[in-house]
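Worksheet: one structure, shown below.
The values are calculated or read from the model by the stated rules, or taken from the named source; none is laboratory data. All values derive from a computational prediction rather than experimental measurement. Ideal geometry is used to build each Cβ from the backbone, glycine not excepted, and the neighbour counts take in all protein chains shown.
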Amino acid sequence: MELEVRKTYKLYVGGEFIRTESGRYDPIYAAVGSKKPRSASAQRLLLANISRASRKDLREAVRTARSAQPDWASKSAYLKGQILYRMAEMLEGRAASFEDLLRETRGLTAAGAAREVRASIDRLVHYAGWSDKYVALLGTVNPVASSYFDFSVPEPMGVVGIVAPEEPDLLGLISHLAPVLVSGNAAVVLLSESRPLASLELAEVLATSDLPAGVANLLSGHKDELVPHLARHMDVLAIADAGGDAALSKSIASDAAVNVKRVRRYQIRDYFDGAAQGLDFIEAFTEIKTTWHPIGV
Amino acid sequence: MSTTITDQKARTEALKKVEAEKPRLEFGGAWDYAPAPESKEHVRLEKRYGLFIGGEFVAPRSKKYFETINPATEEVLAEVAEGNAADIDAAVRAAEQAYEKRWKKLSGAQRGKYIYRIARLLQEKAREFAVLETMNGGKPIKESRDVDVPLAVAHFFYHAGWADKLEYAFPRHSVSPIGVCGQIIPWNFPLLMAAWKIAPALACGNTVVLKPAETTPLTSLHLARIFQEADLPPGVVNIVPGAGETGAHLVNHPRARKIAFTGSTDVGKIIQRSIAGTGKRLTLELGGKAANIIFEDAALDQAVEGIINGIYFNQGHVCCAGSRLLVQESVAATVLTKLADRVATLRLGDPLDKNTDVGAINSKMQLEKIRDMVSAGVEEGAQLHQSACAIPSRGFWFPPTFFTGVAQSHRIAREEIFGPVLAVMTFRTPEEAVEKANNIPYGLSAGIWTDKGSKIFKITSKMKAGVVWANTFNKFDPSSPFGGYKESGFGREGGVHGLRAYVELS
């Protein structure tokens, strides 16, 4: 029998697959019943030892995100849309391996896993299409009572921290990452702590979609260790808090005051409900800029 | 013979002296301005003002009153009730009752008609409000008359029209009000800030507890009289004056579902922290340190007027004031000469005088802060330039001031002074201007001066600021969203975007 070549799951920072500088790891086991343990004595099958990111890894991720963001924001809306669409293409091509991971880590049925991967692909396509439309819908021309041309447009905020939901790990991650990226933000994501494998695998999709290095950075690790550093970081300008932990959410909201961070807390019952997605998710991580221009000769 | 020569010499010397002392720019000739004070007769002041709760002026449960003064003369204008926790509780309950029993049941169209009434009444009383605003706050009458009051009216008129059209602002959503809004406003534009807060809140179907600033409660309390005259249902707007502690009671009241705060970044951070985890909605409009960028191809005389307006408007008590001047090196000398000449013509004095350009500093405390910051500027090595204008003997005053030789790291280049003090820096390339302008935790506003359209769009798009003025400065309109990036706060006031802060969407 051919011996399987196993994958080493790493963090994704600055477009590179790196191990945590701390050298720490967390074992990730298969869901009960999804795969047989290797031996009778083992309770669960070990799937992988993943990196447990440290505060230093987080800071490096923010640094690289901050330096990558202005260039990403300056790309045309058309190009950003095509890059998000290419993510969907890359995910489609790897659908089978994502389905396997969802079955193994969450114990989903084949149909359940296929449904989530399908929904994830569709979500990427959905947000890809928003790239050159949201500005027209969120922007306004304002009829001021003086001789000025006055208009308001949404702009990206900068570096956005995302606390991803524990489940559904893949669809949840994409549902928060895509709307943050499409408007020109860079993201630092704390992945699902209990089921990080599909999310870490998504880094391979990002890396092959022409998304510039550093625009999306994915960290696996312990949320209660990393979240406070994310919430207090002076270069993180906003947080999408979908972690689903009330105590952690409260600490994020409080720590965010250090630099008047914008915090959007999400409590989403059904990530499959596409109607609950879309423009609002993009708007949450944009700033409205109003420009006054004199009219005259 | 010799006496005549001496006389002639003396005459020439005297003429030279007059010439030297004359401002190099003249507005309206070399004659002195005769005093032209606006009459105070039209303002009917009470000796004592209660809290406005449930549609009536009531005695405070705190049993405390504080004196409110005219900062230009230090004379006491009236005594004003100070709200404590029990007063805030009474006001929030009145607002909640009004919300449940009356206001949320009204149709948008009916709500709108109340707000239109308020706008009209305020227009009718424009003079009373302008004079009172100037008396209580120290700002020049020409500003309160031509900016504060008309803009406050415009905000009510604009938002009145939204009340029955909210579903058009939020397509695909069902729109409902939030409930009781606690609103805390500053002392720099007391009436205008009350209008910015109250008008959208009411239009969206909410009720309000407003805490005006401790030094400037009077126009808010006179606005309460307008609410009475408009037959606004009791409790829809409640006004509880007081200092920071009163505001804290409002912020932390469990039944205040939304907090809107305009003020300093420090206090904004305390508020953001204190409501964490409560589920309350929050908008913050905080400090600023705007850069006014002058490129070499700008119309320099216009740009200098823009600089003057940017920093000396309302004595620099403006969160979006153009308190940093970034001027391209090639024109720096010319701009600075023109600036110094123009500063010398600014008339500081009686705020009620219709010729006054620069009024009184709002309070003694603020004057101390400005003095501290100016001393810091001198100590850190920047060069001080100050108008030689006469300073009245009573009241709080600070002459129009600017610093040259300022480094990015100086406190006067980084911290909000909130006074008539400008920090001048230079740059060589557009990239350097952008870098310097954005290199600050604030992001409220910015100004760009150039004759080249494409440069305007390039530079304005690079500014990390919520409001960018091109070849103009300090322009406001109710249809135009106002608010900051970064530590200048979040949320917008005005325009379609401003409504978002006062609605629940589902």
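Which one is surrounded by the most Cβ atoms within 10 Å (Cβ to Cβ), of the residues in region B:401-412 that are in a loop (DSSP other than H, G, I, E, B) and touching a strand residue (DSSP E or B) at 6+ places or on another chain (Cβ under 6 Å)? Among them, the one singled out is B:406.
From the list A:67, A:41, A:74, the one residue that fits, being within 22 Å of the chain's Cα centre (by Cα) and farther than 27 Å from residue A:226 by Cβ, is A:74.
So which residues in region A:209-249 are within 10 Å of chain B (Cβ to nearest Cβ) and either hydroxyl-bearing (Ser, Thr, Tyr) or more than 19 Å from residue A:286 (Cα to Cα) (or both), if there are any at all? Residues satisfying the conditions are A:246, A:247, A:249. Residue count for region A:30-58, restricted to those that are crowded, with 16+ Cβ neighbours inside 10 Å and out of contact with any Phe, Trp or Tyr (no Cβ under 7 Å at 6 or more places or on another chain): 9.
Might you let me know whether region A:250-273 holds any residue that is crowded, with 24+ Cβ neighbours inside 10 Å, basic (Lys, Arg), closer than 24 Å to residue B:288 by Cβ and within 11 Å of another protein chain (Cβ to nearest Cβ)? Yes, because at least one residue in region A:250-273 is crowded, with 24+ Cβ neighbours inside 10 Å, basic (Lys, Arg), closer than 24 Å to residue B:288 by Cβ and within 11 Å of another protein chain (Cβ to nearest Cβ). Taken together, the residues in region B:137-152 that are crowded, with 24+ Cβ neighbours inside 10 Å and within 14 Å of another protein chain (Cβ to nearest Cβ) amount to 1.
Within region B:472-491, being touching a residue at least 40 places away in the same chain (Cβ under 8 Å) and within 15 Å of residue A:144 (Cβ to Cβ) holds for B:472, B:473, B:474, B:476, B:477, B:478, B:479, B:482.
If the condition is being touching a residue at least 24 places away in the same chain (Cβ under 8 Å) and out of contact with any helix residue (DSSP H, G or I) (no Cβ under 7 Å at 6 or more places or on another chain), then region B:259-278 contributes B:263, B:264, B:268, B:278.
Looking across region A:46-58, the residues that are assigned to a loop (DSSP other than H, G, I, E, B) and either acidic (Asp, Glu) or in contact with a strand residue (DSSP E or B) (Cβ under 6 Å, 6 or more places away or on another chain) (or both) come down to A:52, A:53. Here residue B:29 meets the list (1) among the small types (Gly, Ala, Ser); (2) closer than 30 Å to residue B:356 by Cα; (3) at pLDDT 95 or above almost entirely, failing just condition (3).
Within the bounds of region A:86-93, is there any residue that is of a type in the set (Asp, Glu) and under 30 Å from residue A:19 (Cβ atoms)?
Within region A:86-93, one or more residues are of a type in the set (Asp, Glu) and under 30 Å from residue A:19 (Cβ atoms).
Would it be correct to say that residue A:152 is of a type in the set (S, T, N, Q), within 14 Å of chain B (Cβ to nearest Cβ), touching a residue at least 40 places away in the same chain (Cβ under 8 Å) and over 25 Å from residue A:55 (Cβ atoms)? So residue A:152 fits the description; yes. Among the residues of region B:256-279, those identified as more than 10 Å from chain A (Cβ to nearest Cβ) and not aromatic (Phe, Trp, Tyr) are B:256, B:257, B:258, B:259, B:260, B:262, B:263, B:264, B:266, B:267. Restrict the check to region B:280-295 and report whether at least one residue is away from chain A (no Cβ under 12 Å), hydroxyl-bearing (Ser, Thr, Tyr) and in contact with a helix residue (DSSP H, G or I) (Cβ under 8 Å, 6 or more places away or on another chain). Taking every residue of region B:280-295 in turn, none turns out to be away from chain A (no Cβ under 12 Å), hydroxyl-bearing (Ser, Thr, Tyr) and in contact with a helix residue (DSSP H, G or I) (Cβ under 8 Å, 6 or more places away or on another chain). Based on what the data block shows, is residue A:61 part of a loop (DSSP other than H, G, I, E, B) and over 20 Å from residue A:103 (Cβ atoms)? In short, no. Regarding region B:111-126, can at least one residue be identified that is closer than 25 Å to residue B:362 by Cβ and assigned to a helix (DSSP H, G or I)? Yes, there is a match, as at least one residue in region B:111-126 is closer than 25 Å to residue B:362 by Cβ and assigned to a helix (DSSP H, G or I). Taking region B:413-506 and the helices (runs of 4 or more DSSP H) fully enclosed by it, the elements with 3 or more residues that are within 11 Å of chain A (Cβ to nearest Cβ) and in contact with a Pro (Cβ under 8 Å, 6 or more places away or on another chain) are at B:495-499.
For region A:105-149, residues that are aliphatic (A, V, I, L, M) and within 14 Å of another protein chain (Cβ to nearest Cβ) total 7.
For region A:78-99: of the residues being surrounded by 19 or more Cβ atoms within 10 Å (Cβ to Cβ) and free of Cβ contacts under 8 Å to residues at least 60 places away in the same chain, which is farthest from residue A:173 (Cα to Cα)? Taking the candidates together, the pick is A:99.
Scanning region A:197-222 for residues that are buried (at least 20 other Cβ atoms within 10 Å of the Cβ) and closer than 18 Å to residue A:55 by Cα yields A:214, A:216, A:217, A:218, A:219, A:220, A:221. For region B:415-435, the candidate set comprises residues that are among the acidic types (Asp, Glu) and in contact with a strand residue (DSSP E or B) (Cβ under 9 Å, 6 or more places away or on another chain); within that set, the residue that is surrounded by the most Cβ atoms within 10 Å (Cβ to Cβ) is B:432. Quick check, is residue A:147 polar (S, T, N, Q), in contact (Cβ under 8 Å) with a residue 60 or more places away in the chain and surrounded by fewer than 18 Cβ atoms within 10 Å (Cβ to Cβ)? Considered against the rule, which asks whether it is polar (S, T, N, Q), in contact (Cβ under 8 Å) with a residue 60 or more places away in the chain and surrounded by fewer than 18 Cβ atoms within 10 Å (Cβ to Cβ), residue A:147 comes out as yes.
Going by what's in this entry, would residue B:68 be described as in a loop (DSSP other than H, G, I, E, B) and either assigned by TED's automatic domain parsing to the domain that holds residue B:217 or under 23 Å from the mean Cα position of the chain (by Cα) (or both)?
For residue B:68, the condition - in a loop (DSSP other than H, G, I, E, B) and either assigned by TED's automatic domain parsing to the domain that holds residue B:217 or under 23 Å from the mean Cα position of the chain (by Cα) (or both) - is not met.
Each residue in region B:414-447 was checked for being more than 21 Å from residue A:235 (Cβ to Cβ) and over 20 Å from the mean Cα position of the chain (by Cα), and 9 of them qualify. Counting only strands (runs of 3 or more DSSP E) that fall entirely inside region B:144-252 and contain at least 2 residues that are over 25 Å from residue B:61 (Cβ atoms), the qualifying elements are B:175-177. Within region B:310-339, the set of residues being hydrophobic (A, V, I, L, M, F, W, C) and free of Cβ contacts under 8 Å to residues at least 60 places away in the same chain comprises B:331, B:333, B:335.
Given the structure, is residue A:75 within 30 Å of residue B:459 (Cβ to Cβ), among the charged types (D, E, K, R) and surrounded by 20 or more Cβ atoms within 10 Å (Cβ to Cβ)?
Considered against the rule, which asks whether it is within 30 Å of residue B:459 (Cβ to Cβ), among the charged types (D, E, K, R) and surrounded by 20 or more Cβ atoms within 10 Å (Cβ to Cβ), residue A:75 comes out as no.
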